[in-house]
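Have a look at the structure below, then the notes.
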């Protein structure tokens, strides 16, 4: 199977419960940013986004309150860099105790410190950011040696028994040949999944040449879609990859991955910082979801990020029996044996 059985069944139960309740808009993954402190200044982040003081981090109680208010079955702990969060082990344990699935997104620099404090668990995924091979990755994070630390952390996580995935943002500098080299390299490390998503251009990024316009995204992801048929470790869904390749269209689902930060609930979405809300009720009832779903805002025109559109795959799936069959075959594929045959 692509994803562990308990993850798939938890997601299905959550969707069915909300369907029976008549809930039209359902959060799927809570993006939890317990701190706005980072140990890198990557080109993919705005200069001011993650320069917060550690003392301004969210207390554990606020994190758990947000998890319970949102209700989503998955919690992506991001930031900032979550391995800097002093209470990271306690936060992960609390997520597991609440029978949620925790995804800890990290640049890998301090993974050794995390491993000393934490423990492997079937409800925990360690998600390491890898933006290409060594030269490209270290360029993207603006520091030499980070790729080597990330790879070291992946290897050690697998040795210790963690479920380890990777997350790659595809920039203009990332060639398709390099993406294949990276996927082959990570597959050989036996990572449990490789997520690929485009870094897209919008007006705030004027003058920056690293980000992709829509046609450029389509061109790169046509090749990535083909790669996904040869490298089963690629965990982006086939329907999302078809969307990123320009072969199908979806409305956005900005409420699918709601974001909670030290400033409160961020609206309208994980990527666009429009307004912060003090409570879940104010957030979920205060954002004009119809407007943001329509993608008519200028900042949305080039966006094809997984955080907005993998949830769209989920909510639109029931409209097409063919798509249901495609996703069922994809989920049930014997990834491990296929990977060994490819190797």
*What is the one condition in (1) in contact with a strand residue (DSSP E or B) (Cβ under 9 Å, 6 or more places away or on another chain); (2) touching a residue at least 60 places away in the same chain (Cβ under 8 Å); (3) closer than 24 Å to residue 264 by Cα that residue 3 does not satisfy?*
(3)
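Can you name the residue in the range 196-216 that is crowded, with 19+ Cβ neighbours inside 10 Å and out of contact with any helix residue (DSSP H, G or I) (no Cβ under 6 Å at 6 or more places or on another chain) and, of all such residues, is modelled with the lowest pLDDT?
Let us first name the residues in the range 196-216 that are crowded, with 19+ Cβ neighbours inside 10 Å, namely 196-201, 211-212.
From the residues that got through so far, the ones that are out of contact with any helix residue (DSSP H, G or I) (no Cβ under 6 Å at 6 or more places or on another chain) too are 199-201, 212.
Numbers: 199: 83, 200: 76, 201: 66, 212: 88.
Going through the qualifying residues, I end up with 201.
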_Take residue 322 and tell me if it is outside any loop (DSSP other than H, G, I, E, B) and over 28 Å from residue 71 (Cα atoms)._
yes
*Output the number of residues of the range 174-192 satisfying the condition of being surrounded by 19 or more Cβ atoms within 10 Å (Cβ to Cβ) and over 26 Å from residue 331 (Cβ atoms).*
1
*Determine which single condition residue 80 fails, assuming it passes every other condition in (1) in contact with a strand residue (DSSP E or B) (Cβ under 7 Å, 6 or more places away or on another chain); (2) modelled with pLDDT of 95 or more; (3) at positive phi.*
(2)
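Taking the condition in contact with a strand residue (DSSP E or B) (Cβ under 7 Å, 6 or more places away or on another chain), surrounded by fewer than 20 Cβ atoms within 10 Å (Cβ to Cβ) and on the phi < 0 side of the Ramachandran plot, does residue 54 pass? Full working, then the answer.
Working: in contact with a strand residue (DSSP E or B) (Cβ under 7 Å, 6 or more places away or on another chain): yes; surrounded by fewer than 20 Cβ atoms within 10 Å (Cβ to Cβ): yes; on the phi < 0 side of the Ramachandran plot: yes.
Yes: the conditions hold for residue 54.
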_Where residue 234 falls short, out of the listed (1) at pLDDT below 95; (2) in contact with a strand residue (DSSP E or B) (Cβ under 7 Å, 6 or more places away or on another chain); (3) more than 16 Å from residue 311 (Cβ to Cβ)_ = (1)
*Exactly one of (1) more than 19 Å from the chain's Cα centre (by Cα); (2) in contact (Cβ under 8 Å) with a residue 60 or more places away in the chain; (3) outside any helix (DSSP H, G or I) is unmet by residue 69. Its number?*
(3)
*Which condition number in (1) surrounded by 15 or more Cβ atoms within 10 Å (Cβ to Cβ); (2) more than 26 Å from residue 254 (Cβ to Cβ); (3) touching a helix residue (DSSP H, G or I) at 6+ places or on another chain (Cβ under 9 Å) is the one that residue 122 fails?*
(1)
*surrounded by 22 or more Cβ atoms within 10 Å (Cβ to Cβ) and within 20 Å of residue 28 (Cβ to Cβ), is that true of residue 238?*
no
*Search result, residues across the range 128-150 that are farther than 16 Å from residue 83 by Cα, out of contact with any helix residue (DSSP H, G or I) (no Cβ under 7 Å at 6 or more places or on another chain) and buried (at least 17 other Cβ atoms within 10 Å of the Cβ)*: 139, 140, 141, 143
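Quick grid of which residues meet (1) touching a strand residue (DSSP E or B) at 6+ places or on another chain (Cβ under 9 Å); (2) surrounded by fewer than 20 Cβ atoms within 10 Å (Cβ to Cβ):
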position	(1), (2)
282	yes, yes
292	yes, no
308	no, no
317	no, yes
326	no, yes
334	no, yes
*Can you name the number of the only condition in (1) farther than 19 Å from residue 39 by Cα; (2) touching a strand residue (DSSP E or B) at 6+ places or on another chain (Cβ under 8 Å); (3) not in a loop (DSSP other than H, G, I, E, B) that residue 104 fails?*
(1)
_Selection count where residues are more than 23 Å from residue 240 (Cα to Cα) and in a helix (DSSP H, G or I), scope the range 152-184_ = 9
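May I ask you to verify whether residue 48 is more than 18 Å from the chain's Cα centre (by Cα) and modelled with pLDDT under 95? Reasoning before the result, please.
Working: more than 18 Å from the chain's Cα centre (by Cα): yes; modelled with pLDDT under 95: yes.
Yes.
The values are calculated or read from the model by the stated rules, or taken from the named source; none is laboratory data. Quick caveat, the model's predicted, so the values are computed rather than measured. Neighbour counts run over all protein chains shown; Cβ positions are idealised from the backbone, glycine included.
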